[in-house]
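*Asks:* Sharing a structure below in structure tokens format, with a few things to ask.
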Amino acid sequence: MTERWQSRRHQQIKNRPNDNRSPWQVDRSRIIHAAAFRRLQSKTQIMSIGVNDFYRTRLTHSLEVAQIGSGILRHLRIRHPEYRQLVSTSLIETLCLAHDIGHPPFGHGGETALNYLMADFGGFEGNAQTLRIVAKLEPYSNGYGMNLTRRTLLGFIKYPQLIDTLWHSRPNHHDEHRFIQAHHWLPAKGLYGCDETIFEWILEPLSNCDRDLLTSHKPYNEYKSKTLYKSVDCSIMELADDIAYAVHDLEDAVATGTLTQAQWEEHAMPKLTHLDNPWLKNNLSSLSKRLFSEDESIRKDLIGELVNLFIISTNLAIQHEAFENELLRYVAKLDEHHEDMLSVFKTFVYEQLIRDPKMQQIEFRGQNLLIDLFQAFESAPLRLLPKSTQLDWLKAGEESQQYRILCDYLSGMTDEYAMKTHQRLFNGA
């Protein structure tokens, strides 16, 4: 069974004498050297704070997620020695380093715009695009992407079901006016129908029972359903991402003055006060003072303390008794006290930073910039697209495939490249 999870879709013969790397270490190397990974350096983690050279990019965020992910795994091996061999450090680092490479320019604004534009052709979703990049698009191999191991590909799948299966009813793509209603076009979280063969190959070693349970879903709202389960590898990556988002993005916002102590004490502190958490009972009174201290070393010490606190509050839990495979039976979870605390941090960052009107205005600008670009290239693909993308467009047998190629091209742009392209097309070079 181990060999099946280490297998790759394409059996390449490489001239690598004395290569003693494990399959997971090979996967990590391929991520680090990929162009899609390097592009993360030009995608901001929190938009609108680029006036300060302190802010994190998607690349530095991913490095921090990898550090936290390996910390979680190290802790789990101590807490659960019986499962010491369940997960590899190199595998977790691979997933954490590449978890964001499918995100388009301009963050969730870009994701919403592309989902709207691809409404008739399978939609767009950042995590689905990540799998597509690593398994198909990245030019390490011809048509197999980075040709990663089956288990690594499973670890990238946060939402194991096809997008088309998750929709109950969709907004009318043709009812929108000049500016789209973004909340109508939040994507269903799943995988593209055009990548179904990859998905089927990944799930091949699983029993029918495990496969059916893993791909099960329940209604999320009147429009779509959401999936319920993921692999243990994916759960560690996702938790590490949540911790980095809640703690390190908060640090960025405080350090740049984007969020103030008054906002923190009005919107976060009351919620933290009501939590039954031993650490908070001993540290809540000094939390604001340390977080907003003018002495940067004091704030950095608090940030490190918080990250460590969440790491050591992680356990392996059974996500469903019916799972037969250990990769699916267990997930990494925070204990209830610290899950509630992390939720307060995440909510504060989202409501006071991400949803701030100034931030939303910048997201709105990026959203409409991508719509302009898509419609321009759509109008004359064999005139405006790069030569290599034109060849892919011509090879595509169906209209939906052509539009997916256009979407792949636009979603792969960095923020800066997209803005320069838009300026060249609409405002002069």
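*Asks:* Amide H of LEU191 versus every other amide H placed in the peptide plane: which residues, excluding those fewer than 5 positions away on the same chain, fall under 5 Å?
*Replies:* GLN161, LEU162, ILE163
*Asks:* Now, a different point. In square angstrom, rounded to the nearest 10, how much accessible surface does ILE32 have for a 1.4 Å probe?
*Replies:* 80
*Asks:* For GLU3 and SER207, compute 0.36 nm times the residue count separating them, minus their Cα-Cα distance, and round to one decimal in nm.
*Replies:* Length gained, GLU3 through SER207: 71.8 nm.
*Asks:* Please list, in order along region 387-393, the HN-Hα scalar couplings obtained from phi with the Karplus expression 6.51 cos²θ - 1.76 cosθ + 1.60 (θ = phi - 60°), rounded to whole Hz, x for Gly and Pro.
*Replies:* With the stated coefficients, region 387-393 comes to 4, 5, 6, 4, 5, 4, 4 Hz.
*Asks:* Which entries of LYS218/LYS395; LYS136/LYS420; LYS189/LYS300; LYS224/LYS346; LYS387/LYS420; LYS43/LYS289 have Cα-Cα distances beyond 30 Å here?
*Replies:* LYS218/LYS395; LYS189/LYS300; LYS43/LYS289
*Asks:* Follow-up question, since we're still on this one. Determine the order of ARG383, ARG150 by accessible area, beginning with the largest, at a probe radius of 1.4 Å.
*Replies:* ARG383, ARG150
*Asks:* Estimate the FRET efficiency between LYS387 and SER22 by the formula 1/(1 + (r/R0)^6), using the beta-carbon distance for r and 45 Å for R0, to the nearest 0.05. Could you put the intermediate results ahead of the total?
*Replies:* On the way: r = 39 Å, r/R0 = 0.86.
Efficiency for this residue pair is about 0.70.
*Asks:* Roughly speaking, to the nearest percent, how much of region 1-151's 1.4 Å accessible area is carbon and sulfur?
*Replies:* Working: 2980 of 6460 Å².
About 46 percent, which is the carbon plus sulfur part of the accessible surface.
*Asks:* Could you give me the ³J(HN,Hα) list for region 100-115, computed from phi with Karplus coefficients 6.51, -1.76, 1.60 and θ = phi - 60°, whole Hz, x at Gly and Pro?
*Replies:* Once rounded to whole Hz, the list reads 10, 5, x, 6, x, x, 6, x, 6, x, x, 4, 5, 4, 5, 5.
*Asks:* Report ³J(HN,Hα) in whole Hz for each residue of region 314-325, in order, from the Karplus equation J = 6.51 cos²θ - 1.76 cosθ + 1.60 where θ = phi - 60°; Gly and Pro get x.
*Replies:* Calculated HN-Hα couplings, in order: 9, 9, 8, 10, 7, 7, 6, 4, 7, 5, 8, 7 Hz.
*Asks:* Kindly state, to the nearest 0.05, the FRET efficiency for THR89 paired with ILE318, given R0 = 25 Å and r defined as their beta-carbon distance.
*Replies:* Working: r = 23 Å, r/R0 = 0.92.
For R0 = 25 Å, the calculated efficiency reads 0.65.
*Asks:* Same structure, new question: For GLU138, list long-range residues whose amide hydrogen, built 1.01 Å from N in the peptide plane, is under 5 Å from its own amide hydrogen.
*Replies:* It is GLY145, MET146, by chain and number.
*Asks:* Take the chain, connect every pair of alpha-carbon atoms lying under 10 Å apart with a spring to form a Gaussian network, then pick out the residue of THR256, THR57, THR149 with the largest mean-square fluctuation.
*Replies:* For the chain, modelled as a Gaussian network with Cα springs under 10 Å, the answer is THR256.
*Asks:* At 7 Å along Cα-to-Cβ for each site, give me the label-to-label distance between LYS281 and LYS358 in nm.
*Replies:* So the two model labels end up 4.0 nm from each other.
*Asks:* So what is the accessible area of the chain per residue, in Å², with the probe set to 1.4 Å? It would help to have the intermediate numbers written out before the result.
*Replies:* Values: 19880 Å² over 429 residues.
Counting only protein heavy atoms, the per-residue value for the chain is 46 Å².
*Asks:* Hey, could you get me the Stokes-Einstein D for region 323-429, Kirkwood radius over alpha-carbon pairs, 20 °C and 1.002 mPa s, rounded to whole µm² s⁻¹?
*Replies:* For these conditions, the coefficient is 122 µm²/s.
*Asks:* Can you give me the long-range amide H partners of THR57? Hydrogens built in the peptide plane at 1.01 Å from N, cutoff under 5 Å, separation of 5 or more residues or another chain.
*Replies:* GLN45
*Asks:* Output the direction-averaged projected area (hull surface divided by four) of the convex hull of the alpha-carbon atoms of region 114-184, in nm².
*Replies:* So the Cα hull casts an average projection of 6.0 nm².
*Asks:* What percentages make up the Cα-Cα pair-distance distribution of the chain when the bins are 20 Å wide from 0?
*Replies:* With a bin width of 20 Å, the distribution comes to 24, 58, 18, 0.
The values are calculated or read from the model by the stated rules, or taken from the named source; none is laboratory data. Note that the structure is predicted; figures quoted are calculated from it, not measured. Cβ coordinates were reconstructed from backbone atoms using ideal geometry, including for glycine residues, and neighbour counts include every protein chain displayed. Surface accessibility is based on the protein's heavy atoms, side chains included, excluding ligands, DNA and RNA. Shrake-Rupley method; radii C 1.70, N 1.55, O 1.52, S 1.80 Å.
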